[in-house]
Amino acid sequence: MESKTFKNKVAIVTGGGTGLGREMSLKLAKEGAIVVIASRNMENLQGTAKLIGDEGGTVLAVPTDVRDHAQVEALVKTTIDKFGRIDILINNAAGNFLVPSEKLTPNGWNAVVRIVLDGTWFCSSLAGKQMIEQGEGCILNIIATYAWTGSPGVVHSASAKAGVLAMTRTLAAEWGQYGIRVNALAPGAMVTEGASKNLKFDSEQAQKVIAKNVPLKRLASVDEIAELALFLCSPKAAYITGDVMTADGGAWLKGNSFLDMLNG
Ligand code: NAP
C-alpha cells in the first residue's frame with residue numbers, strides 16, 4: 001500500500017472494536033482515513049479508538065446495534081453531520097455459534113441472521129443513499145466461504161452470509177451507475193476474540209487440526225486479511241465490483257468447513 005491511500009476518506013467499520021474490524025480500522029486510519037467504528041460494546045470501541053488516537057489517527061466511536069434500523073440511521077446521520085460524507089462502509093459485524101440445525105431455536109436463528117443479513121442491509125441501504133448523492137462510494141462485506149459451500153453447524157450464519165453475497169452482487173449491479181463499488185471478502189479461519197471462541201477453535205490443538213487440513217497449512221492472520229480489505233476499498237481496485245475475494249489458504253477447494261476440519 002502506498003502511504004496515505006485513504007487521506008480524508010470517511011470510513012464506517014461495523015464491529016470495529018475487536019478482531020478483524022479493529023485491524024481494518026487501525027490500518028485505514030494509518031492510511032489517512034477518518035474512521036467511524038460502530039458496535040454495541042462501548043468499552044471495546046473506546047479501546048480501539050484509543051489505539052487509533054494514540055497513533056495520530058482520527059476516529060469516532062458510535063455505539064450501535066446494527067439490528068436496529070433507527071440506531072443505524074443515527075450512525076449514518078452522525079457520520080454525515082460530523083464529517084460530511086461516507087466513502088467506505090465495511091460490513092464486518094457478525095455473531096455466530098455452533099449448533100446442529102435440528103437444535104437451532106427461532107431466537108438463535110434470529111440472533112445471527114438479524115446481525116449479519118438485516119444489519120448489512122440497514123447499513124448498506126442507508127449509507128448507500130449518501131454514496132448515491134456523492135456519486136461515489138465503496139461497500140465491502142465480510143462473509144465466509146460457507147456462503148457458497150454451506151457448512152454443518154452454522155446454518156444461521158451460512159444462510160445469512162449467502163444472503164449478503166447475493167446482496168453484494170445485486171447492489172453492485174444496481175449502484176455501479178452511481179460510482180459505487182460493492183464487494184465481499186471471505187477469509188478463512190483466523191484467531192480473533194469472538195469467532196475462534198464461538199466456533200471452538202481457540203485451543204492450540206484445534207488450530208493445529210484446522211491448519212493440517214488447509215492446503216497452505218496454516219490459519220489466516222488478521223493482519224493479512226485486513227490488508228486485502230484495504231486493497232478492495234482502495235483506488236487500486238477501482239474496476240472491481242460485485243466480486244468476492246477468497247483468502248482461506250485453499251480450504252474451501254477441499255470442501256472443508258470449520259466442523260469438518262475440527263473432526264479431522
Ligand atoms: P469478532 O471479534 O467477534 O467480531 C465481531 C464484531 O461484531 C464484534 O466487534 C461485535 O462487537 C460486532 N457485533 C456483533 N453483534 C453486533 C450488533 N448487533 N451490532 C453491531 N456490532 C455487532 O470476530 P471476527 O473474527 O473479528 O469477525 C469479523 C468478521 O469476519 C465477521 O463478519 C465474521 O463472520 C468474519 N469471519 C471470521 C472468521 C474467523 O475465523 N475469525 C472466518 C470467516 C469470516 P460488539 O459485541 O461490541 O457489538
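Quick notes on this one:
- Exclusive hit being touching a helix residue (DSSP H, G or I) at 6+ places or on another chain (Cβ under 7 Å), at pLDDT 95 or above, within 12 Å of the ligand (Cβ to nearest atom) and not in a helix (DSSP H, G or I), set ALA226, ALA160, ALA184: ALA184
- From VAL76, VAL116, VAL72, residue being within 14 Å of the chain's Cα centre (by Cα) and assigned to a helix (DSSP H, G or I): VAL116
- Test: residue in the range 120-143 that is part of a loop (DSSP other than H, G, I, E, B), buried (at least 16 other Cβ atoms within 10 Å of the Cβ) and within 14 Å of the ligand (Cβ to nearest atom): yes
- When the residues of the range 67-116 are filtered to those that are under 20 Å from ILE180 (Cα atoms) and open to solvent by 40 Å² or more (accessible area, probe 1.4 Å), the one that is nearest to the ligand (Cβ to nearest atom) is GLU73.
- From the options ILE80, ILE86, ILE90, residue that is β-branched (Val, Ile, Thr) and touching a Leu at 6+ places or on another chain (Cβ under 8 Å): ILE90
- Here LYS197 meets the list (1) in a loop (DSSP other than H, G, I, E, B); (2) open to solvent by 20 Å² or more (accessible area, probe 1.4 Å); (3) within 12 Å of the ligand (Cβ to nearest atom) almost entirely, failing just condition (1).
- Subset of the range 24-40 (residues that are buried (at least 24 other Cβ atoms within 10 Å of the Cβ) and within 17 Å of LEU228 (Cα to Cα)): MET24, SER25, LEU28, ALA29, ALA33
- Single unsatisfied condition, TRP175 versus (1) in contact (Cβ under 8 Å) with a residue 60 or more places away in the chain; (2) farther than 13 Å from VAL244 by Cβ; (3) of a type in the set (Phe, Trp, Tyr): (1)
- If you go through the range 232-258 and keep only what is open to solvent by 60 Å² or more (accessible area, probe 1.4 Å) and either assigned to a helix (DSSP H, G or I) or not small (Gly, Ala, Ser) (or both), you end up with PRO235, LYS236, TYR239, THR241, ASP243, TRP252, LEU253, LYS254.
- Residue ID - most open to solvent (accessible area, probe 1.4 Å), chosen from residues in the range 1-23 that are small (Gly, Ala, Ser) and more than 15 Å from the ligand (Cβ to nearest atom): SER3
The values are calculated or read from the model by the stated rules, or taken from the named source; none is laboratory data. Values in this document were obtained by computation on a predicted structure and should not be read as measured data. Quick reminder, even Gly has a Cβ in these numbers, built from the backbone with ideal geometry, and neighbours come from all protein chains shown. We work out accessible area using only protein heavy atoms, side chains counted, and drop any ligands, DNA or RNA first. Shrake-Rupley method; radii C 1.70, N 1.55, O 1.52, S 1.80 Å.
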